[in-house]
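A.B. asks: Sharing a structure, written as structure tokens. Questions coming.
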Amino acid sequence: MIVQKNRSSLPLTTKQKGMLLIMCSAFSFALMNLFVRLSGDLPSLQKSFFRNFVAVLFAAGILLHERPKVKFTAKSKRHLFYRSLLGTIGILCNFYAVDHLVLADASMLNKMSPFFAVIFAIFILHEKPNRLQSSLLIMAFLGVLFIVKPSGNLSIIPALIGLAGGIAAGAAYTYVRSLGQQNIPGPYIVCFFSAFSCIVTLPFLIFQFHPMELQQFIFLILAGLAAAGGQFSITSAYCYAPAREISVYDYTQIPFSALLGFLVFGQIPDLLSWIGYAIICGAGIIMFLYNSRQ
């Protein structure tokens, strides 16, 4: 008797795992930005410290439980440092942009990171995207422009800082992919990065601490929990698959942010925004079908 294997029970491929994880990360980071905005008028460095402190606790707990054996090389140590430094710069720039720009504009500038991740992967990892993958990334970026509708009234300094955050995050995710190829576990990457960020921001927190109300403290803890989920998800995603194949799915943070904005603040996207959502989802579907065929 021949039993046919149910296709639905087949295990997910590494590309499919990377796709699902990066979408989970996008939703988590959308929650993080929501809680950061709800925490009110606090310094970006103070928000960043709490965001990373929670991630340190989670990552350290996982490492103590699993105790994985890792062999660090000079290259992996160097890439861990680059990932941590660039990631810290990206977070600080993103939080500054969230505090000084319209939330949609700040999100758009931060969502330049997948585009830059593909570019940096060309030089750091020698992962060259093909013509279709490059076209889909441009298509997704155009969708973001439809949603945000950037105008000429953006304050130039906050906008440039937000863009710098997107560039730094794109480079950081490229080094995450490199560390995954060197068999460095995700919890190590998250723990080292988060601890590095806490150490960098701690002096500013001590000397320029702003007293918080209980509600603000709760929102920052929630932002840290959401960031920890997003950080673990995106670290695992880029360890599973190259940036050129999954980074397009990171743009789903924009629709997620729009949904949260409607539920919390009653914001309703206009027609151009819905067109942008359709473009982004279309690019993601085409990328998924292409990867499935490959």
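The values are calculated or read from the model by the stated rules, or taken from the named source; none is laboratory data. Not measured: the values here are computed from a predicted model. No Cβ is skipped: glycine too gets one built from the backbone with ideal geometry, and neighbour counts run over all protein chains shown. With ligands, DNA and RNA removed, areas are computed over all heavy atoms of the protein, side chains included. Shrake-Rupley method; radii C 1.70, N 1.55, O 1.52, S 1.80 Å.
A.B. asks: Which residue fluctuates the most in the chain, going by a Gaussian network model with Cα springs under 10 Å, if the choices are TYR238, TYR188, TYR175?
C.D. replies: Of TYR238, TYR188, TYR175, the Gaussian network model singles out TYR188 as fluctuating most.
A.B. asks: Accessible area of the chain with a 1.4 Å probe: how many percent of it is carbon plus sulfur?
C.D. replies: Carbon and sulfur: 68 percent of the exposed surface of the chain.
A.B. asks: Taking only Cα atoms and a 10 Å spring cutoff, compute GNM fluctuations for the chain and point out the largest among LEU38, LEU92, LEU222.
C.D. replies: Maximum among the listed residues: LEU38.
A.B. asks: Just to verify a number: FRET efficiency for PHE81 and ILE286, C-beta to C-beta distance, R0 = 25 Å, to 0.05?
C.D. replies: Rounded to the nearest 0.05, the efficiency is 0.10.
A.B. asks: A follow-up question, please. Per residue of the stretch 17-31, in order, report the coupling 6.51 cos²θ - 1.76 cosθ + 1.60 (Karplus, θ = phi - 60°) as ³J(HN,Hα) in whole Hz, putting x for Gly and Pro.
C.D. replies: Per-residue couplings from phi come out as 4, x, 4, 5, 5, 6, 5, 4, 5, 4, 5, 5, 6, 5, 4 Hz.
A.B. asks: Of ALA164, TYR290, MET23, which is farthest towards the positive pole of the chain's charge dipole, taken about the Cα centre with +1 and -1 on the beta-carbons of Lys, Arg and Asp, Glu respectively?
C.D. replies: With unit charges placed on the Cβ atoms, the residue in question is TYR290.
A.B. asks: Compute a Gaussian network model of the chain, connecting alpha carbons closer than 10 Å, and tell me which residue from PRO11, PRO242, PRO114 fluctuates the most.
C.D. replies: Answer for the Gaussian network model of the chain: PRO11.
A.B. asks: Relative contact order for the chain: what is it in percent, counting Cα pairs under 8 Å that are at least 6 residues apart?
C.D. replies: 41 percent
A.B. asks: Highest mean first, how do 46-56, 210-220, 66-76 rank when packing is the count of other Cβ atoms within 10 Å averaged over residues?
C.D. replies: The densest-packed peptide leads the list: 46-56, 210-220, 66-76.
A.B. asks: Mind checking which aspartates and glutamates have their Cα closer than 19 Å to the Cα of LYS111? Skip sequence neighbours fewer than 8 apart in that chain.
C.D. replies: Partners within reach: ASP99, GLU245, ASP250.
A.B. asks: Dipole of the chain, Cα-centred, from +1 at each Lys and Arg C-beta and -1 at each Asp and Glu C-beta, to the nearest 20 debye?
C.D. replies: Dipole magnitude for the chain comes out near 1220 debye.
A.B. asks: Can you give the extra length, in nm with one decimal, that the chain gains between LEU160 and PHE207 once fully stretched, where that is 0.36 nm per residue apart less the Cα-Cα distance?
C.D. replies: 14.2 nm
A.B. asks: Another question about this same structure. List, in the order given, every pair from LYS47/LYS75; LYS47/LYS128; LYS75/LYS128 whose Cα-Cα distance in the structure shown is over 26 Å.
C.D. replies: LYS47/LYS75; LYS47/LYS128
A.B. asks: A further question on this structure: For the stretch 169-176, take each phi angle, set θ = phi - 60°, evaluate the Karplus expression 6.51 cos²θ - 1.76 cosθ + 1.60, and give the result in whole Hz per residue in order, putting x for glycine and proline.
C.D. replies: 5, x, 5, 4, 5, 5, 6, 4
A.B. asks: Let me know the shape class of the stretch 217-280, please: from the alpha-carbon gyration tensor, a ≥ b ≥ c as square roots of the eigenvalues, rounded when a/c is under 1.5, otherwise prolate if a/b is greater than b/c, or oblate.
C.D. replies: oblate
A.B. asks: Could you tell me the distance between the Cα centroids of the stretch 26-61 and the stretch 200-252, to the nearest Å?
C.D. replies: 5 Å
A.B. asks: Under Stokes-Einstein, with the Kirkwood radius over Cα pairs standing in for Rh, what whole-number D in µm²/s applies to the stretch 34-153 at 37 °C and 0.692 mPa s?
C.D. replies: Translational diffusion coefficient: 189 µm²/s.
A.B. asks: Just from its helices, what would the mean residue ellipticity at 222 nm be for the chain, if runs of 4 or more DSSP H residues each count -39500 (n - 2.57) and the sum is divided by every residue, rounded to the nearest 500 deg cm²/dmol?
C.D. replies: -26500 deg cm²/dmol
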